[in-house]
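Undergrad: Before I ask anything, let me first share the structure, which is written out below as structure tokens.
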Amino acid sequence: MTPRPLHHTLPFTAIVGQQQMKLALVLNAINPPRIGGVLIRGGEKGTAKSTAVRALADVLPEIPVMQGCPPFSCDPGDPDSYCPICSGMADNGDRITQTTRPVRVVTLPLGATEDRVVGTLDLKRAIKEGGIAALDPGILATAHRAFSISTK
């Protein structure tokens, strides 16, 4: 089990009010594929939106991920959702190794460019390795199976 970083986060249960937001976050934590995510927007600054997300992430158990899949954190128990890297490993008969990691909280920076968010082709690698199509994953890949916060 990976130890959580030492930081001070308000406990999720200490957040007063915001019942609908907290319920939506808890339901998404219970069944992410069925809920599909939660968009928290609006409200006054200081209404605990980011605090609630960080606090809930701190109490969630670690999630299983494919070892060697840093950008997408593929779920070893769901082969249908494997990224191209993990699908290739499975198709080649490579040994699938599972590990665990804490649920990430990913922040979308204000003014992030489209290629920073979506990803882009890694031209250096493509040229260096003889024309292969190499993806440089963006923030969306990092946010897969994580909590995401926009800074706006």
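The values are calculated or read from the model by the stated rules, or taken from the named source; none is laboratory data. Everything quoted here is computed from the prediction, not taken from an experiment. Neighbour counts are summed over all protein chains in view; Cβ atoms, including those assigned to glycine, are modelled from backbone coordinates with ideal geometry. Each accessible area value is taken on the protein alone, full model and side chains, heavy atoms only, with ligands, DNA and RNA left out. Shrake-Rupley method; radii C 1.70, N 1.55, O 1.52, S 1.80 Å.
Undergrad: Please report the accessible area of residue 16 (heavy atoms, 1.4 Å probe, ligands and nucleic acids excluded) in Å², nearest 10.
TA: 130 Å²
Undergrad: Using only the alpha carbon atoms of the stretch 82-121, find the Kirkwood hydrodynamic radius as the inverse mean reciprocal pair distance, in angstroms to one decimal.
TA: After inverting the mean inverse Cα-Cα distance, the result is 13.4 Å.
Undergrad: Okay, moving on. Can you compute the radius of gyration and Dmax for the stretch 6-74, using only the Cα atoms, both in Å?
TA: So, for the stretch 6-74, Rg and Dmax equal 13.7, 41 Å respectively.
Undergrad: Right, next: Residue farthest toward the positive end of the dipole of the chain, with Cβ of Lys/Arg at +1 and Asp/Glu at -1: which of 65, 31, 52?
TA: Going by the charge dipole, the pick is 52.
Undergrad: Return one whole number: the accessible area per residue of the stretch 45-152 in Å², for a 1.4 Å probe.
TA: Normalised by residue count, the accessible surface of the stretch 45-152 is 62 Å².
Undergrad: Estimate the FRET efficiency between residue 13 and residue 136 by the formula 1/(1 + (r/R0)^6), using the beta-carbon distance for r and 41 Å for R0, to the nearest 0.05.
TA: The value I calculate is 0.55.
Undergrad: Quick one: with all protein chains in place, what share of the accessible area of the chain is carbon or sulfur, to the nearest percent (1.4 Å probe)?
TA: Details: 5940 of 10460 Å².
So the carbon and sulfur contribution to the accessible surface is 57 percent.
Undergrad: Counting Lys and Arg as +1 and Asp and Glu as -1, each charge on the Cβ, what is the dipole of the chain about the Cα centre in debye, to the nearest 20?
TA: 600 debye
Undergrad: Starting from the Cα-Cα distance between residue 30 and residue 113, subtract it from 0.36 nm times their residue separation and give me the gain in nm to one decimal. Don't jump to the answer; show the numbers that get you there.
TA: Working: separation 83, 0.36 × 83 = 29.88 nm, distance 3.19 nm.
That pair, residue 30 and residue 113, stretches by 26.7 nm at full extension.
Undergrad: Another one. Could you work out how much longer the chain between residue 125 and residue 91 gets when fully extended? Use 0.36 nm per residue separation minus the Cα distance between them, nm to one decimal. Spell out each step's value before the answer.
TA: Details: separation 34, 0.36 × 34 = 12.24 nm, distance 2.34 nm.
9.9 nm is the gain from fully extending residue 125 to residue 91.
Undergrad: Name the long-range amide H neighbours of residue 136: under 5 Å, sequence gap of 5 or more, or other chain; modelled H, no Pro or chain starts.
TA: Under 5 Å from the amide H of residue 136 lie the amide H atoms of 120, 121, 122, each far enough along the sequence or on another chain.
Undergrad: Roughly how compact is the stretch 1-116, stated as its Cα Rg over 2.2 N^0.38 Å to two decimals?
TA: For the stretch 1-116, the normalised Cα radius of gyration is 1.25.
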